[in-house]
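First up is the structure itself, then whatever we jot down about it.
The values are calculated or read from the model by the stated rules, or taken from the named source; none is laboratory data. Predicted model only: the values in this text are computed from it and were never measured. Cβ atoms come from the backbone with ideal geometry, glycine included; neighbour counts cover every protein chain shown. The accessibility values were calculated without ligands, DNA or RNA, using every heavy atom of the protein model including side chains. Shrake-Rupley method; radii C 1.70, N 1.55, O 1.52, S 1.80 Å.
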Amino acid sequence: MKVKLPQELINAIIEECREDRDSLLVFSLVGRTCLRSSQRHLFRSITLYAKAPTERLSRTEQLGQLLITSPHLSDYIQWLVLLPSDHSEPNFLETEKALPLLLRKLSNLRRIAIYSLWWTTITLDLQQALHCVLMRPSIDYVKIKLARFDRMDELAYLLYAAKGLKDLSLDDIEILGPRQSLELWTLKEDVRDERTHLSGLQLCMGDYSVLFALLLGPRSPWKVSQIHNLHIMAPDSAHGDDVNRLFWTIGSSLKRLRLDMKHQYWLREHGWEVNVEFNSNIRSLCLANLHISSTAFTALSTRLQRFFSNVKTSNRLAQLQLELLFIDDPDDPEEVPADWSAWNPVDRVLAGTNFGFLRTLEIDISSEVAHEPDLVHEICNQVVAMNPLLVERGVSVTVQYGDVRVASCHDAQY
């Protein structure tokens with residue numbers, strides 16, 4: 001069917017429907033004038049996973065066959081996710097024999113996410129194919145989640161191929177070999193003059209000292225001093241200095257910081273002392289996974305007060321977000337802190353002169369169990385009310401608990 005519209009208008013219409021897969025499929029059947037534009041969006045992001053028991057061909061094999069008959073589609077694939085299925089073994093990549101050849105065809109790939117990577121158990125051909133993909137100049141984002149390497153140089157071989165990388169995400173990466181091999185490896189040739197700038201970094205690790213030797217060592221192809229966005233899981237006290245060293249290296253370039261307190265090392269009496277003294281240009285700060293209960297709320301308030309008291313007057317923090325999680329407390333069947341007055345010192349610190357640029361405080365609440373709607377509203381109102389000094393200073397305080405949102409100032413209540 002011939003469409004009597006200018007090609008520019010057709011492309012604009014299809015662009016508006018880029019997130020609607022069903023509409024894109026319909027457009028691809030309209031005619032030749034719509035086919036290429038719709039295909040660009042349909043194949044922009046591809047997720048591959050292991051074959052289900054009922055499937056004759058895996059998605060990798062299906063895509064490989066499609067690229068044989070329509071090779072131009074490989075240029076449209078920009079975002080690739082290698083994701084294990086629920087029914088597959090943890091290292092699903094071992095079974096994907098067609099994957100190395102497919103990876104080598106993706107010449108325009110920009111972003112890749114790899115899950116469940118057991119490096120020594122995949123084939124040498126797949127190792128080389130992954131390395132080849134990351135070498136492409138177009139690659140600017142890499143995410144690796146749940147990976148195991150015998151030696152540090154195996155991880156370096158993979159990551160250091162991505163010399164043009166802009167954003168890096170490493171989650172649950174473990175080096176199984178001895179530490180001595182890392183120390184010897186870092187003494188090899190210096191490539192500092194060839195480094196490119198990372199702008200985004202997400203880290204969720206157990207042993208940060210090993211990882212920072214990779215990021216900050218003499219062979220690292222990236223400079224971290226220009227990172228604008230950092231998301232990092234809080235370490236235990238043994239590795240706190242390593243994270244603070246990263247903060248110091250990034251310096252004033254850091255604009256958005258998210259600290260994930262998932263393992264609650266931070267709440268312990270001798271936990272990690274966060275030092276953002278040299279990160280004076282942070283505009284947005286999020287403290288995530290802050291566990292609270294009637295018995296732990298005072299400890300959380302004390303740690304927050306200490307953290308905020310260490311923030312210098314030169315900071316430019318405008319947006320603060322706290323993600324609170326009510327945890328199961330056997331001494332408090334309703335799992336709600338009974339005394340919010342423990343928060344008063346935090347309110348005083350945030351309303352002080354050190355936070356003169358602060359404009360919004362957002363508190364997101366979740367719970368391990370469901371609460372009654374009336375109780376949810378009561379909690380939200382109590383949390384807003386525990387920040388009277390901030391509200392008086394004109395800071396917008398917003399509390400979100402599920403579908404309920406309560407805000408100070410002139411914001412609406414839902």
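How many residues does region 365-379 hold that are open to solvent by less than 50 Å² (accessible area, probe 1.4 Å) and either touching a Cys at 6+ places or on another chain (Cβ under 9 Å) or more than 18 Å from Leu287 (Cα to Cα) (or both)?
Within region 365-379, residues that are open to solvent by less than 50 Å² (accessible area, probe 1.4 Å) and either touching a Cys at 6+ places or on another chain (Cβ under 9 Å) or more than 18 Å from Leu287 (Cα to Cα) (or both) number 5.
Each row is one residue, and each column tells you yes or no for (1) open to solvent by 10 Å² or more (accessible area, probe 1.4 Å); (2) closer than 26 Å to Leu176 by Cα.
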{"site": "Leu99", "(1), (2)": "no, yes"}
{"site": "Lys105", "(1), (2)": "yes, no"}
{"site": "Tyr115", "(1), (2)": "yes, yes"}
{"site": "Thr121", "(1), (2)": "yes, yes"}
{"site": "Asp125", "(1), (2)": "yes, yes"}
{"site": "Leu130", "(1), (2)": "no, yes"}
{"site": "Ala147", "(1), (2)": "no, yes"}
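Can you name the residue in region 317-351 that is open to solvent by 20 Å² or more (accessible area, probe 1.4 Å), part of a loop (DSSP other than H, G, I, E, B) and at pLDDT 90 or above and, of all such residues, is farthest from Glu277 (Cα to Cα)? Out of the qualifying residues, it is Ala351. Count of region 123-150 residues, restricted to those that are touching a strand residue (DSSP E or B) at 6+ places or on another chain (Cβ under 7 Å) and either more than 19 Å from Trp79 (Cβ to Cβ) or not β-branched (Val, Ile, Thr) (or both), is 9. Residue-level check: of (1) open to solvent by 10 Å² or more (accessible area, probe 1.4 Å); (2) at pLDDT 90 or above; (3) assigned to a loop (DSSP other than H, G, I, E, B), Glu189 misses just (2).
Checking each residue in region 22-46 for being closer than 28 Å to Pro84 by Cβ and either of a type in the set (S, T, N, Q) or modelled with pLDDT under 75 (or both) picks out Asp22, Leu24, Leu25, Gln39, Ser45.
In summary, Arg56 fulfils each of the numbered conditions (1) within 32 Å of the chain's Cα centre (by Cα); (2) assigned to a loop (DSSP other than H, G, I, E, B) with the single exception of condition (1). The set of residues from region 382-410 being at pLDDT below 90 and exposed (fewer than 14 other Cβ atoms within 10 Å of the Cβ) comprises Asp403, Cys409, His410. Checking each residue in region 125-143 for being within 26 Å of Met205 (Cα to Cα), out of contact with any Leu (no Cβ under 7 Å at 6 or more places or on another chain) and of a type in the set (D, E, K, R) picks out only Lys143. Scanning region 132-141 for residues that are at pLDDT 95 or above, assigned to a strand (DSSP E or B) and out of contact with any Cys (no Cβ under 6 Å at 6 or more places or on another chain) turns up at least one hit. Residues that are at pLDDT below 80, over 25 Å from the mean Cα position of the chain (by Cα) and loosely packed, with under 15 Cβ neighbours inside 10 Å do not occur anywhere in region 272-285. Just one of (1) under 27 Å from Cys204 (Cα atoms); (2) part of a loop (DSSP other than H, G, I, E, B) fails for Tyr115. It is (2). Among the criteria (1) in a loop (DSSP other than H, G, I, E, B); (2) touching a Leu at 6+ places or on another chain (Cβ under 9 Å), the one Thr47 does not fulfil is (1).
The numbered conditions (1) within 30 Å of Lys312 (Cβ to Cβ); (2) in contact (Cβ under 8 Å) with a residue 40 or more places away in the chain are all true for Ser396 except (2).
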